[in-house]
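The values are calculated or read from the model by the stated rules, or taken from the named source; none is laboratory data. Since this is a predicted model, take the numbers as computed values, not measurements. No Cβ is skipped: glycine too gets one built from the backbone with ideal geometry, and neighbour counts run over all protein chains shown.
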Amino acid sequence: MIIAIASGKGGTGKTTVATSLAMALSESGKSISCLDCDVEAPNAHIFLRPRLDQRKPVNLLIPEVDADLCTGCGRCAEVCQFHAIVVLGTKTLVFPELCHGCGSCALVCPENAITEISKSQGVLERGPANGGIDFAHGVLNVGEPMAVPVISQLKSWQNLSDTGTVILDSPPGTSCPVVESLRGADYVILVTEPTPFGLHDLRLAVQLTLELNIPAGVIVNRDGIGDMSVDDYCRETGLPIIMRIPFDRGISEGIAQGKLLVEIDPSYIKRFQLMGEKIEGLINDKGDER
């Protein structure tokens, strides 16, 4: 079972939910893995406190052109979907920041003028966390524009198909890194807040789950502020609200100190466990329909 935690915007409490869900399910005796896919700003480790004893670099193969062999035929530029390589007259230029490392340019070059060199994108770290959770996260190098290769290799490194229950803490928003994080998930928990901004970004996140054909439910964080527009939207669309977390000073102070929600208020352990059981039932029912 793979559960992704997502949000249309940052700061909604996505990591708060992901880490406490992982801890609550681990206390019920389940085998739990937690992956922090927010590789541009990973912070789940602050709450789960893992011992990161495994490390793996993430590299991308970038084309390098031999000017002496290149004839400027343009075949490489034709096959590049991302315009990472262009031909101007007889000169071939490579833009590494745009390259996705697919290797097509080197494959089609008739003169074998293109070789691939390794370029560091970031690093993966992994180790046991509190509660016996198998934790891993990716860290994108500062200044690197593409998070997707790091997220993709993080998920591959963890062997998700061989793990019991996996919690994916995805990046905020609805861009390519989020799509890569949600790919393969059985269920998505969308964390939002009852404000106009929260509703606007929730709509975008819901649209993404529909396009990916992944069932979703909503957790309303900071419940009690704002208005009822999120509730109205969920009721109109049939989107279930699976939990509410109140706007509470004690919770805010605890989170600021690096505490898990289930540590601040142990009653959430049972609430998250029941929520996990309901999600697992929905996933199993969907599998039976197939």
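Listed here are the helices (runs of 4 or more DSSP H) enclosed by the range 181-261 that have at least 1 residues being within 23 Å of Ala147 (Cβ to Cβ): 196-212. Here Val79, Val65 are screened, and the one residue that is in contact with a Ser or Thr (Cβ under 7 Å, 6 or more places away or on another chain), hydrophobic (A, V, I, L, M, F, W, C) and closer than 30 Å to Leu208 by Cβ is Val79.
Looking only at residues of the range 159-180 that are outside any helix (DSSP H, G or I) and without any contact (Cβ under 8 Å) to a residue 12 or more places away in the chain, we find that the one that is surrounded by the most Cβ atoms within 10 Å (Cβ to Cβ) is Ser175.
Is it the case, given these coordinates, that Ser156 is hydroxyl-bearing (Ser, Thr, Tyr), in the same structural domain as Ala24 (by TED's automatic domain parsing) and in contact (Cβ under 8 Å) with a residue 12 or more places away in the chain? No. Val108 - would you say it is modelled with pLDDT of 95 or more, of a type in the set (A, V, I, L, M, F, W, C) and out of contact with any Ser or Thr (no Cβ under 9 Å at 6 or more places or on another chain)? Taking the combined requirement at face value, the residue satisfies it. Could we say that Gly138 is out of contact with any Lys or Arg (no Cβ under 8 Å at 6 or more places or on another chain), of a type in the set (Gly, Ala, Ser) and in contact (Cβ under 8 Å) with a residue 40 or more places away in the chain here? Against the criterion (out of contact with any Lys or Arg (no Cβ under 8 Å at 6 or more places or on another chain), of a type in the set (Gly, Ala, Ser) and in contact (Cβ under 8 Å) with a residue 40 or more places away in the chain), Gly138 qualifies.
Based on this model, can you work out whether Ser33 counts as surrounded by fewer than 22 Cβ atoms within 10 Å (Cβ to Cβ) and among the polar types (S, T, N, Q)? Spelling it out, it is not the case that Ser33 is surrounded by fewer than 22 Cβ atoms within 10 Å (Cβ to Cβ) and among the polar types (S, T, N, Q). Entry remark, the range 228-257: residues being exposed (fewer than 13 other Cβ atoms within 10 Å of the Cβ) and either touching a residue at least 60 places away in the same chain (Cβ under 8 Å) or among the basic types (Lys, Arg) (or both) number 2 in total. Across the range 8-20, the qualifying residues are those that are assigned to a loop (DSSP other than H, G, I, E, B) and out of contact with any Gly (no Cβ under 8 Å at 6 or more places or on another chain), and the one among them that is surrounded by the fewest Cβ atoms within 10 Å (Cβ to Cβ) is Gly11. Of everything in the range 137-158, what is crowded, with 23+ Cβ neighbours inside 10 Å and under 23 Å from Leu21 (Cα atoms)? Give them in sequence order. Scanning the range 137-158 gives His137, Gly138, Ile151, Leu154. Scanning the range 194-226 for residues that are within 19 Å of Ile251 (Cα to Cα) and either surrounded by 24 or more Cβ atoms within 10 Å (Cβ to Cβ) or under 19 Å from the mean Cα position of the chain (by Cα) (or both) yields Ile219, Val220, Asn221. Exactly one residue out of Leu204, Leu210, Leu199 is over 19 Å from Thr15 (Cβ atoms) and free of Cβ contacts under 8 Å to residues at least 12 places away in the same chain, and it is Leu210.
Quick check: anything in the range 250-257 under 21 Å from Gly10 (Cβ atoms), more than 24 Å from the chain's Cα centre (by Cα) and charged (D, E, K, R)? Yes, the conditions are met somewhere in the range 250-257.
Filter the range 66-92 for residues that are among the hydrophobic types (A, V, I, L, M, F, W, C) and under 27 Å from Ser152 (Cα atoms); which is nearest to the chain's Cα centre (by Cα)? Ranking the qualifying residues of the range 66-92, first place goes to Phe82.
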